[in-house]
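Structure, as structure tokens:
We did not get these values from a lab; they are worked out from the coordinates using the rules stated. Just so it is clear, the structure is predicted and the values come from calculations on it, not from any experiment. Cβ sites come from the backbone with ideal geometry, for glycine too, and all protein chains shown count toward neighbours.
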Amino acid sequence: MSQHVVLRNAAVPRALVADAAGFGGTPRDDCLVGDLQLVAGQVAGMHPRPLPPGAEERFLRGQIVLPRLTEVHCHLDKCHTVARLAQVGGDLQAAIAAQHADKARWSQPDILRRATRGLAELQRAGVALARTHVDWEPDDVAQRRVPVAWTVLERLAHEWAGRVTLQRVALLPLEAFGDRDGAAWLARQVAASAGGVLGAFIFDQPHRRELLKTAFELATEVGVMLDFHVDEGLADTLDGLTTVCELALDWDNGQQIVCGHACRLAALDGAAATRALDLVRDAGVAIVALPTTNLYLQGRTDGTPQQRGITRLRELAERGVPLAVGSDNVCDAFCPIGAHDPLAALATAALAAHLDPPYDRWLRLVTTDARRMLGATPMYVDRAAAGDLLLVEAMHTAEVVAGAPRRPLEERRRQSAG
Ligand SMILES: [Zn+2]
């Protein structure tokens with residue numbers, strides 16, 4: 001790429017520009033349009049400036065420019081197992097049972113092959129930063145044994161650095177925190193891993209407040225982030241999100257706490273819903289909506305579901321709660337279809353949760369806000385490097401969400417260290 005490049009007739013979603021006044025461009029719908037200048041590989045806004053000798057001009061036909069995407073929540077250890085599962089379909093418990101049976105096949109080459117496919121799909125979708133959850137069993141903790149999937153994904157994180165930055169969450173059944181010494185050992189393993197995050201599956205386990213408190217204490221001791229699967233169900237008895245938020249109110253270790261799913265919020269009404277939503281806002285906890293898996297598993301009956309199970313994105317957005325949308329399960333027991341593509345997840349959320357245009361603000365849920373939630377600096381278009389940009393064949397942000405073709409402005413290369 002030349003020292004000075006101008007992309008003629010580019011459009012940039014307004015919500016993805018940090019400093020609109022300094023950026024320039026003409027408002028059109030929810031975008032700023034104009035000639036996007038790149039100087040020395042960095043975006044320099046849309047204010048007109050004389051082109052120096054040797055400058056490169058590219059004429060876009062109305063493409064929309066985005067920062068590269070962030071995948072906040074996927075499961076690269078589980079993905080692409082659907083073809084070999086004996087039993088697919090049913091509710092969350094059926095999915096857990098089917099997945100558990102499949103684990104007998106989780107050898108090192110098997111996980112490497114499937115997770116590599118998932119990473120390639122994320123890269124094709126335009127993702128630069130991804131967080132995968134990785135299952136740990138209570139036996140792993142009891143026997144001080146690192147699961148094969150954790151090691152394989154650590155190797156892949158290293159190999160893919162520079163193309164897709166990969167964070168890993170150790171996903172434990174909450175009861176594993178009952179073994180405090182074992183959990184402390186696990187927390188140290190997580191802290192020793194680049195991009196390691198501590199997590200747990202919070203459902204209806206007894207003593208969940210005490211177990212969560214241990215998770216909070218250990219995360220603080222070793223200095224890692226927390227990312228929980230909470231309330232993946234609609235029953236009144238599920239209070240994982242409320243409990244996490246109550247603990248978070250007393251607990252500021254300077255790290256963003258993330259909760260995925262939060263389906264039960266969808267089943268609350270009236271004052272109970274208002275109380276729960278306000279508590280999330282006050283606690284500063286970030287929420288990840290996972291529409292594909294929730295639509296597939298929640299509200300199961302013998303017929304067509306009446307409840308959607310997707311968390312209350314609109315009400316949370318009104319309160320300024322940090323939000324993101326993730327792909328979650330892809331072609332496994334929890335979701336037999338799906339894609340490693342945050343924009344596809346956002347499109348599903350738009351239909352399931354009634355996210356209306358303008359879409360520039362909702363695009364933050366797979367870009368700037370999603371990155372901030374994962375502890376990374378948000379990547380706005382006006383602060384981006386050329387290698388951080390995507391070009392989408394779209395005239396309107398609705399077409400971006402609808403899945404218009406996209407490609408990087410520049411290919412990212414594998415780092416030589418890989
Ligand atoms: Zn998940």
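Please give the helix 148-160 orientation as an angle from the longest Cα principal axis of the chain, in degrees from 0 to 90, rounded to the nearest 10. Result, in degrees: 10. Spin-label pair Q306-D179: with each label point 7 Å from Cα along the Cα-Cβ axis, the two points sit 4.4 nm from one another.
Tell me the net charge near Q93. Cut-off is 12 Å between Cβ atoms, Q93 excluded, with +1 for each Lys or Arg and -1 for each Asp or Glu. Around Q93, the surrounding residues sum to -2. In order along the range 347-353, the phi-based Karplus estimate (6.51 cos²θ - 1.76 cosθ + 1.60, θ = phi - 60°) of 3J(HN,Hα) comes to 4, 5, 5, 4, 6, 6, 10 Hz; Gly and Pro are listed as x. Counting 0.36 nm for each residue step from A271 to R84 and taking away their Cα separation leaves a gain of 62.8 nm.
The packing ranking, built from the mean of other Cβ atoms within 10 Å per residue, places the peptides 252-258, 151-157, 332-338 in the order 332-338, 151-157, 252-258, highest first.
Using Cα atoms only, what is the angle between the long axis of helix 208-222 and the major principal axis of the chain, expressed in degrees (0 to 90) to the nearest 10? Tilt of helix 208-222: around 50 degrees.
The stretch between D278 and R124, if pulled fully straight at 0.36 nm per residue, gains 51.7 nm over its current Cα-Cα span.
Highest mean packing first, where packing is the average number of other Cβ atoms within 10 Å per residue, the peptides 314-326, 224-236 line up as 224-236, 314-326. When each of V190, V72 is scored by the number of other beta-carbon atoms lying within 10 Å, the sequence from fewest to most is V190, V72. Within the shell of other residues whose beta carbon sits under 12 angstrom from the beta carbon of V6, the net charge comes to 0, with Lys and Arg scored +1 and Asp and Glu -1. Axis angle, to the nearest 10 degrees, between helix 270-283 and the longest C-alpha principal axis of the chain: 70 degrees.
For the pair E393 and D139, the difference between a 0.36 nm per residue extended length and the Cα-Cα distance amounts to 86.5 nm. Mind jotting down the distance between the C-alpha centroids of the range 134-184 and the range 229-304, whole Å? Cα centres, the range 229-304 to the range 134-184: 24 Å.
Within a Cβ distance under 10 Å of H396, other residues only, what is the Lys/Arg minus Asp/Glu net charge? Net charge around H396: -2.
Report the paramagnetic label zone for A20: residues of the range 323-347 whose backbone N is under 18 Å from a point 7 Å from Cα along the Cα-to-Cβ axis. In the range 323-347, the label zone of A20 (backbone N under 18 Å from the point 7 Å along Cα→Cβ) covers no residue. Scoring 367-378, 26-37 by mean Cβ neighbours within 10 Å over their residues and listing the highest first yields 367-378, 26-37. As a proxy for reagent exposure, H47, H261, H80 were ordered by neighbouring Cβ count within 10 angstrom, fewest first; the result is H47, H80, H261. For L69, the residues 5 or more places off, or on other chains, whose built amide H falls under 5 Å of its own are V127, A128.
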